[in-house]
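The values are calculated or read from the model by the stated rules, or taken from the named source; none is laboratory data. What you see is a predicted model; the values in this text were computed from it and never measured. Using ideal geometry, Cβ is built from the backbone for each residue, glycine included, and neighbour counts are taken over all protein chains shown. Side chains included, ligands, DNA and RNA excluded: accessible areas come from the protein's heavy atoms. Shrake-Rupley method; radii C 1.70, N 1.55, O 1.52, S 1.80 Å.
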Amino acid sequence: QVQLVESGGGLVQPGGSLRLSCAASGSISSFNAMNWHRQAPGKLRDLVATIRSGGNADYAHSVKGRFTISRDNAKNTVYLQMNSLKPEDSAVYYCNAVSWTQSLWGQGTQVTVSA
């Protein structure tokens, strides 16, 4: 089974940027979609961004224009470039791979936006 490992989280000031990476232990080309979700304390896990196998992407309204999702099938890695970060972006960010038969999750990476 493919394992997903997120990295790139940390503490950043408001207005700053971070790039999250999700490295898969196997091929991601077979997955219909690769997603980034986030979960803040006391809140539900929300879908932030999706990139499909054909390359088209969708974003939550709250991050549109600030976040960019991309995938490198050769490196089996998905990225989330986060710009103009706000305190409300603070959360644990999870990578998720979805196919017709399975949905895999990484362990998450913490993002904290604070002055």
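Couple of notes before you dig in:
- Count of the range 2-21 residues which are closer than 26 Å to A97 by Cα, open to solvent by less than 40 Å² (accessible area, probe 1.4 Å) and of a type in the set (V, I, T): 1
- Residue within the range 103-111 that is in a loop (DSSP other than H, G, I, E, B) and free of Cβ contacts under 8 Å to residues at least 40 places away in the same chain present: no
- The range 22-31, subset open to solvent by less than 50 Å² (accessible area, probe 1.4 Å) and at pLDDT 95 or above, residue nearest to Y59 (Cα to Cα): C22
- Wholly within the range 39-91, strands (runs of 3 or more DSSP E) carrying at least 3 residues that are in contact with a Leu (Cβ under 8 Å, 6 or more places away or on another chain) and either without any contact (Cβ under 8 Å) to a residue 60 or more places away in the chain or closer than 16 Å to G9 by Cα (or both): 67-72, 77-82
- Residue in the range 96-106 that is open to solvent by less than 80 Å² (accessible area, probe 1.4 Å), touching a His at 6+ places or on another chain (Cβ under 9 Å) and at pLDDT 95 or above present: yes
- Matching residues in the range 74-84 - criterion: being farther than 15 Å from V111 by Cβ and surrounded by 15 or more Cβ atoms within 10 Å (Cβ to Cβ): N76, T77, V78
- Subset tally (residues that are more than 16 Å from P87 (Cβ to Cβ) and either surrounded by fewer than 23 Cβ atoms within 10 Å (Cβ to Cβ) or in contact with an Asp or Glu (Cβ under 7 Å, 6 or more places away or on another chain) (or both)) for the range 32-45: 5
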